[in-house]
Amino acid sequence: MTARIMIVDDEQPIRDSLQGLFEDEEYLVVCAASGEEAMARLRKQPVDCVLLDIWMPGIDGLETLSRIQQVDANLPVIMMSGHATIDTAVRATRQGAFDFVEKPVSFDRLMILARNAVQKRRLEQENSDLKRQETSHHSQQELIGDSAPIQEVRALIKRIALSDSPVLIIGEHGTGKAVAARMLHAASRRSDAPFVEVNTASVPANRMDSELFGHEKGAFTGALHAQRGRFEAAHQGALFFDEVTELSLPAQAKVLRVLQEKVVQRLGNPAPIPCNVRLIAASARDLEQALQQEKLREDFYYRLNVVSIHMPALRQRLEDLPQLLRSLADEQAHALGGSPVRFNDEVISALKTYAWPGNVRELRNYVERCHILMPGEQMEIANMLPPDQSSLHPSDIGAAASAARLAAADDDAESSDATSFHDARENFERAFLLRHLNRHDWNISRTAADIGMERSQLHRKIKAYALVQPQEQQP
């Protein structure tokens, strides 16, 4: 990512020379001739570092520094001056300046300072993002719901957490296998040690040994430095294999040997490294079938399957749907901003008729879509978005979003008579299209442009719903 530097100095030759210096190093450069101009620019365009002259007409550098900190307390500011005393430098530093340089400045030193300041800025931003992620995604940290299947899973996790035996978590995609694995580790005696995840499907087969066991510098072409593997990183903690059946048979044999011998060897180094991990594995596949198809070694399977947890599909615990919707809506509002979308009882009943083949993961995506298109709104039958997008034309989504922002959406009488989700959606679309067609005197081009739909798609909808202009209706 390219960094943006702001240079604030009342002398144009200095601004020009510094601008050329940083642009040669591929920085983006913003210049200001005064503190007032700098503040105006900062409010419109954020930067990663400021080079600020102390002595300027109008507000001086120290006052500008103070105002910058009111706007962005973490923005690094490097003060520059050709007339400053030690007292001024100390004062600037105490006031929160990142560093201080004297004019004429050393370009090499200034470049190093700017690079360090930008790196500090990026690290602080990354740290802030990580903290925000830790406080969000509540639904990804624990299993939400009070249904009997989820209560059984929680009880089983508590019972087996204190053991060090391997655990196999089985369930469809999106049922929360990774969440259960993290809960299991958090409740175990190893909770203070690392929890390391391996998504086996995302690691190329020729890189798996290096990924799991690590390597030394020069162990293979491209090994420019030593790297510890996932087993080493998880020492004294837990190693979670997501979709364990994606491991090749040779890799399964090597993992089994590590579990038995509790040591690991980096590629390019025969010295054994102690490795004591608890293995947690997850799979959405039928493991008996994987055994028959020789995708899974028998000895590896039986070593894994000491204790197993079966994750229920969402359709098997639909009584948890209201609680899940509230939690996921709050999660999206926290992550994306704005107020959470809400779902009334009729909508929840309609959503319960859907099969949710993608389980909670699909539900999260649905709630995110609702939040993006209808932030802070009450989802009702008349304006609800269908959960299954596979049968939706993209223009329908835009149409639904536009309709949701219209007051009351004409509360078509047919909507209250809908007995299924399909009927409710058709009634809504019919009322929506009629309203916009009438608004544009049935001009197809203007109506299509207004609602974001292709003309051909609008013609098909008009034909499908047998819509006619009022004056053309038969008495």
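Taken over the range 66-92, the residue count meeting the criterion of being part of a helix (DSSP H, G or I) and surrounded by fewer than 21 Cβ atoms within 10 Å (Cβ to Cβ) is 11.
Only residues that are of a type in the set (Ser, Thr, Tyr) and either closer than 13 Å to Pro312 by Cβ or crowded, with 21+ Cβ neighbours inside 10 Å (or both) were counted in the range 140-184, giving 2.
Of the residues making up the range 295-347, those that are over 21 Å from the mean Cα position of the chain (by Cα), among the basic types (Lys, Arg) and assigned to a helix (DSSP H, G or I) are Arg303, Arg315.
In the set (1) modelled with pLDDT of 80 or more; (2) in a loop (DSSP other than H, G, I, E, B); (3) surrounded by 12 or more Cβ atoms within 10 Å (Cβ to Cβ), Ala466 fails one condition alone, (3).
Yes/no matrix, rows are residues, columns are (1) closer than 25 Å to Asp164 by Cα; (2) among the hydrophobic types (A, V, I, L, M, F, W, C):
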residue	(1), (2)
Gly218	no, no
Leu224	no, yes
Val255	yes, yes
Lys262	yes, no
Pro272	yes, no
Asp299	yes, no
Tyr302	yes, no
Leu318	no, yes
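Determine whether the range 253-273 contains at least one residue that is in a helix (DSSP H, G or I), within 29 Å of Gly176 (Cα to Cα) and under 32 Å from the mean Cα position of the chain (by Cα). Checked the range 253-273: at least one residue is in a helix (DSSP H, G or I), within 29 Å of Gly176 (Cα to Cα) and under 32 Å from the mean Cα position of the chain (by Cα). For the range 213-272, taking the residues that are among the hydroxyl-bearing types (Ser, Thr, Tyr) and surrounded by fewer than 18 Cβ atoms within 10 Å (Cβ to Cβ), the one that is farthest from Ala187 (Cα to Cα) is identified as Thr221. If you go through the range 36-60 and keep only what is modelled with pLDDT under 90 and assigned to a helix (DSSP H, G or I), you end up with Ala40, Arg41, Leu42, Arg43, Lys44.
For the range 93-120, a residue qualifies if it is charged (D, E, K, R), more than 38 Å from the chain's Cα centre (by Cα) and in a strand (DSSP E or B), and exactly one does: Glu102.
Within the range 427-441, no residue that is free of Cβ contacts under 8 Å to residues at least 24 places away in the same chain and in a helix (DSSP H, G or I) sits with its Cβ atom under 6 Å from a residue that is among the basic types (Lys, Arg) and surrounded by fewer than 20 Cβ atoms within 10 Å (Cβ to Cβ) at 6+ positions apart or across chains.
No other residue among Arg285, Arg326 is basic (Lys, Arg), farther than 30 Å from Glu216 by Cα and out of contact with any helix residue (DSSP H, G or I) (no Cβ under 8 Å at 6 or more places or on another chain) apart from Arg326. Listed conditions (1) in a loop (DSSP other than H, G, I, E, B); (2) under 40 Å from the mean Cα position of the chain (by Cα) are all met by Met6, apart from (1). Scanning the range 283-329 for residues that are crowded, with 18+ Cβ neighbours inside 10 Å, charged (D, E, K, R) and closer than 30 Å to Ile348 by Cβ returns Arg317, Asp320.
Taking the range 195-209 only, how many residues are over 24 Å from Val153 (Cβ atoms) and not in a helix (DSSP H, G or I)? It would help to see each step written out before you state the result.
Of the residues in the range 195-209, the ones over 24 Å from Val153 (Cβ atoms) are 202-209.
Next, from what is left, pick out any that are not in a helix (DSSP H, G or I): 203-204.
Here the count works out to 2.
The values are calculated or read from the model by the stated rules, or taken from the named source; none is laboratory data. What you are looking at is a predicted structure, and each value in this text was computed from that prediction instead of being measured. In this analysis, Cβ positions are derived from the backbone assuming ideal geometry, glycine residues included, and neighbour counts consider all displayed protein chains.
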